[in-house]
Amino acid sequence: MTRSAFTAISSKPLHDDTHSCWSCGAMRAAHFCESCGRVQPPAPVDYFAFFGLPRKLTVDVLQLEKDFYELSRKLHPDLSARASAREQEWSLEQSSMLNDAYRTLRDPIKRTQYLLRLEGIELEEQSKSATEQARATGETKKQIVPPDLLEEVFELNLQLEELRVIKDVTRRLDRGAPGDSGLVEEISQQRQMLETRHEALLEELKNYWKQWDSLVDRGTDAAAGERAAVTKKMVDVLNRRNYIRNLVRDVTAVLES
Ligand SMILES: [Zn+2]
């Protein structure tokens with residue numbers, strides 16, 4: 001049976017797909033047919049399913065890269081010169097999805113954000129409503145900042161504001177170097193600490209990946225509540241990481257201004 005890209009609704013992973021190849025009728029056709037090699041119509045699947053992966057967060061990135069290059073070759077539109085216009089179009093669609101899937105899954109943060117989105121959790125910073133609201137009001141997007149983190153960097157934010165003012169005054173008075181080297185030194189040290197924190201949060205996130213993955217292995221029903229708790233922790237880590245990344249960027253901008 002031939003499936004159209006626009007009517008096929010399947011949430012099943014491609015590797016479980018039992019549909020047959022549109023061309024030769026062989027079973028288990030995915031992106032391309034393993035029997036005759038022809039490209040198949042794209043099915044609406046998530047990025048994990050596209051690579052035949054379970055929705056787990058620990059990913060063998062080297063294997064992913066190998067699969068990516070192999071699929072790239074097999075789906076490349078230029079290689080299907082013998083193919084019909086319809087097949088070439090499928091090749092283009094499949095290749096573009098392959099690229100998106102690979103770019104998302106190879107990056108630890110993007111992969112986590114993507115999985116959270118599949119689980120129905122939209123991070124505030126990326127959410128559509130936040131983007132639209134920011135656009136409408138011309139304000140910068142609201143950031144979710146854990147209060148303890150905000151308290152922790154309160155002093156730094158004050159120092160940063162102080163340095164901003166000093167630099168501004170110095171510039172207006174047309175003097176050379178900014179006057180407060182002690183302040184610059186202190187802020188630089190804080191930036192160093194924040195960069196270390198930023199790295200540490202990735203390690204913390206990876207620990208939650210392990211918890212998530214083992215809950216997936218245990219099955220969905222029993223572990224549903226625990227999964228919700230782990231996703232909450234991952235969201236918290238991502239929010240902290242976002243805030244720290246933005247703060248480091250601000251600090252760098254002021255130090256280098
Ligand atoms: Zn075939």
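The values are calculated or read from the model by the stated rules, or taken from the named source; none is laboratory data. From a predicted model like this one, the values you see are computed outputs, not experimental measurements. Neighbour counts run over all protein chains shown; Cβ positions are idealised from the backbone, glycine included. Just so you know, the surface numbers come from the protein's heavy atoms only, side chains and all, with ligands and any DNA or RNA stripped out. Shrake-Rupley method; radii C 1.70, N 1.55, O 1.52, S 1.80 Å.
Looking only at the range 197-223, which residues are within 14 Å of L116 (Cα to Cα) and among the hydrophobic types (A, V, I, L, M, F, W, C)? Once the filter is applied, which keeps residues that are within 14 Å of L116 (Cα to Cα) and among the hydrophobic types (A, V, I, L, M, F, W, C), the range 197-223 yields L205, W209, W212, V216. Within the range 214-226, the set of residues being hydrophobic (A, V, I, L, M, F, W, C) and either outside any helix (DSSP H, G or I) or exposed (fewer than 14 other Cβ atoms within 10 Å of the Cβ) (or both) comprises A222, A224. Scanning the range 29-58 for residues that are open to solvent by 20 Å² or more (accessible area, probe 1.4 Å) and near the ligand (Cβ under 10 Å from one of its atoms) returns F32, E34, S35, C36, G37, R38.
A quick yes/no check of all residues on (1) closer than 30 Å to N207 by Cα; (2) in a helix (DSSP H, G or I); (3) of a type in the set (K, R):
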position	(1), (2), (3)
A49	yes, yes, no
R55	yes, no, yes
V59	yes, no, no
F68	yes, yes, no
S72	no, yes, no
A83	no, no, no
E93	no, yes, no
L98	yes, yes, no
R103	yes, yes, yes
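Checking the structure you have, find out if any residue of the range 88-103 is crowded, with 19+ Cβ neighbours inside 10 Å and either modelled with pLDDT under 90 or over 21 Å from the mean Cα position of the chain (by Cα) (or both). For the range 88-103, residues crowded, with 19+ Cβ neighbours inside 10 Å and either modelled with pLDDT under 90 or over 21 Å from the mean Cα position of the chain (by Cα) (or both): present.
Rundown of residues vs (1) open to solvent by less than 80 Å² (accessible area, probe 1.4 Å); (2) modelled with pLDDT of 90 or more; (3) closer than 30 Å to F48 by Cβ; (4) in contact with a Lys or Arg (Cβ under 8 Å, 6 or more places away or on another chain), yes/no style:
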residue: G138; (1), (2), (3), (4): yes, no, no, no
residue: L158; (1), (2), (3), (4): no, yes, no, no
residue: G179; (1), (2), (3), (4): yes, no, no, no
residue: E199; (1), (2), (3), (4): no, yes, yes, no
residue: L205; (1), (2), (3), (4): yes, yes, yes, yes
residue: Y208; (1), (2), (3), (4): yes, yes, yes, yes
residue: W212; (1), (2), (3), (4): yes, yes, yes, yes
residue: A228; (1), (2), (3), (4): yes, no, yes, no
residue: R249; (1), (2), (3), (4): no, yes, no, no
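Within the range 70-87, the set of residues being touching a His at 6+ places or on another chain (Cβ under 8 Å) and modelled with pLDDT under 90 comprises K74, L75.
Restricting to the range 64-87, count the residues that are surrounded by fewer than 16 Cβ atoms within 10 Å (Cβ to Cβ) and more than 19 Å from E34 (Cβ to Cβ). Counting residues in the range 64-87 that are surrounded by fewer than 16 Cβ atoms within 10 Å (Cβ to Cβ) and more than 19 Å from E34 (Cβ to Cβ) gives 6.
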